Structure formats: structure tokens, C-alpha cells
Amino acid sequence: MFRTVRDALVHEKWRAVPMTLGAVCLTTVFQIVQNTSWGFQPVQNLGSVKAVDPLWLALLRTPLSLFVPALDLPVWGALAQILLVFGISEICIGWWRTLLIGYVATLAGTTYARIGLSLSPDHPFGLPASDRIVNDTGPSAAVVGLALYVCWRYRAYLTGALVVLAMIGEVLVKDNLAGKEHLAAIAAVMAVCTVRAKWGRRRAGRLRLAPLQGRLLVPP
């Protein structure tokens, strides 16, 4: 993974991560606009997701919610996450896979919030009713999912395990909506990895059988 990223940056420099740079710029614009007297509500209307919102509205806002910085966290953290993890992912798996996996992870978190609220707060995966109005934005779920997926693709299993353990530790230390959404993102990406692995084995099996079938069809 290190060699892949290093070679891309050495030969192409910033041209290797155009989507990542665009994401950083978009997040910066959202941060500037939502801190103005006139821009807060438009940004919320475009990218703010809450569990209390209708499902269709949450799904409509989820793609842009990745790039709306959380109000209670410093924006430099979101920008650093996007630049580092999105950049590595864009180089390693391509820009469209980066966006796809990031969206799947974020959508898993958004969906989990509704499931957690339907459970009792005493349930291990339940959420308190107060989380219905929590502003659920930022790239963190996408970052966690992308980190895990890239580790799987490059067989960096130890690093991937450390990511999972760190997220479990986060929930144990601070049991809040964000931490549990990160676990939901991990579960969704692990499901994607499992499906990809099974599909890859089947495809490899078909490719191995193809030459044999061709020889069987050739008359003596």
C-alpha cells in the first residue's frame, strides 16, 4: 500500500487525487457557509441528516452529509481525515470505488440510527430517544469504512484489525451515536468484503475451468 501511494504521488503529485481535493474544497466551502448568518440553514437543508427526518429526506441528504463538517468537532479533523484516507483510497481503489464504499458506510450508519432508536435504550445496540435530533454529519463513518476496505484489498489485516479494535474501544469509552454508527459502517463494509471475496473465488474458478473445457471440446 505504501509503495502504491508513494509511486502515485511521486509521478503524478496532486493529479493522483483530484476527487479527494474536490472533497476537501467542498467540505471547506460548507464549513465557511454554515458559519455565516445566512448560510447555516441552507447547508442543513442540503446535507444535515437526523433520525427524526423522513427516510426519503435522509437518503436524499446522505451523499452530501459526508462533506458537511460536524458542528461539535473542529473542521481541521474532518479535512485531515478526508485528505489522508480518501486520498489513499482514491489512489489504491479508484475514485468511484472510494465514493461508493464511503457512501455505503455512511448509509449504514444512518440506517443503524433508526434501528437503534426502535430498540430499548437498555439494549446493547439501542439508542436513547434524545439521539433522534442529533445532527448526523461528517466523513467519519466513510473514513472508517474506507480504511477497513483498503486494508482488506491490500491484505493489511493487522492494520484493519487495529481499526476495528479502535472503534470498539471508542464505543466502550464514549457510548454515543457516532461510535455505534462507526461499528455499523464496519459491519457493512465487512459484508461487502465477504461478497467480493466469494465472487472473486467463483470467478477465479471459472477462469481455471475455461482452458480445460476448451481442450475437452477439441476433437482428437
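The values are calculated or read from the model by the stated rules, or taken from the named source; none is laboratory data. All figures in this text were calculated on a predicted structure; none of them were measured in a lab. Using ideal geometry, Cβ is built from the backbone for each residue, glycine included, and neighbour counts are taken over all protein chains shown.
Within region 41-52, is even one residue free of Cβ contacts under 8 Å to residues at least 24 places away in the same chain, farther than 23 Å from Glu181 by Cα and not in a loop (DSSP other than H, G, I, E, B)? Within region 41-52 (the criterion being free of Cβ contacts under 8 Å to residues at least 24 places away in the same chain, farther than 23 Å from Glu181 by Cα and not in a loop (DSSP other than H, G, I, E, B)), the answer is yes, since at least one residue qualifies. Here Ala70, Ala113 are screened, and the one residue that is under 22 Å from Ile186 (Cβ atoms), touching a helix residue (DSSP H, G or I) at 6+ places or on another chain (Cβ under 9 Å) and outside any helix (DSSP H, G or I) is Ala70.
With respect to Val85, determine if the residue is among the aliphatic types (A, V, I, L, M) and buried (at least 21 other Cβ atoms within 10 Å of the Cβ). When the stated conditions are applied, Val85 passes them.
Would you point out which residue out of Val104, Val29, Val24 is in a helix (DSSP H, G or I), at pLDDT 95 or above and over 26 Å from Cys151 (Cα atoms)? Outline the logic, then answer.
Working: Val104 fails: over 26 Å from Cys151 (Cα atoms); Val24 fails: over 26 Å from Cys151 (Cα atoms).
Just a single option satisfies the conditions, and that option is Val29.
Scan region 124-141 for residues that are touching a helix residue (DSSP H, G or I) at 6+ places or on another chain (Cβ under 9 Å) and more than 15 Å from Gly179 (Cβ to Cβ) and the total you get is 5. Every test in (1) outside any helix (DSSP H, G or I); (2) surrounded by 13 or more Cβ atoms within 10 Å (Cβ to Cβ); (3) hydroxyl-bearing (Ser, Thr, Tyr) is passed by Thr36 save one, and that test is (2). Every condition in (1) out of contact with any Phe, Trp or Tyr (no Cβ under 6 Å at 6 or more places or on another chain); (2) buried (at least 19 other Cβ atoms within 10 Å of the Cβ); (3) within 28 Å of Ala156 (Cβ to Cβ) holds for Ala113 except the one numbered (3). Could you tell me whether region 122-138 includes any residue that is of a type in the set (S, T, N, Q), in a loop (DSSP other than H, G, I, E, B) and surrounded by 19 or more Cβ atoms within 10 Å (Cβ to Cβ)? Yes, region 122-138 contains at least one residue that is of a type in the set (S, T, N, Q), in a loop (DSSP other than H, G, I, E, B) and surrounded by 19 or more Cβ atoms within 10 Å (Cβ to Cβ).
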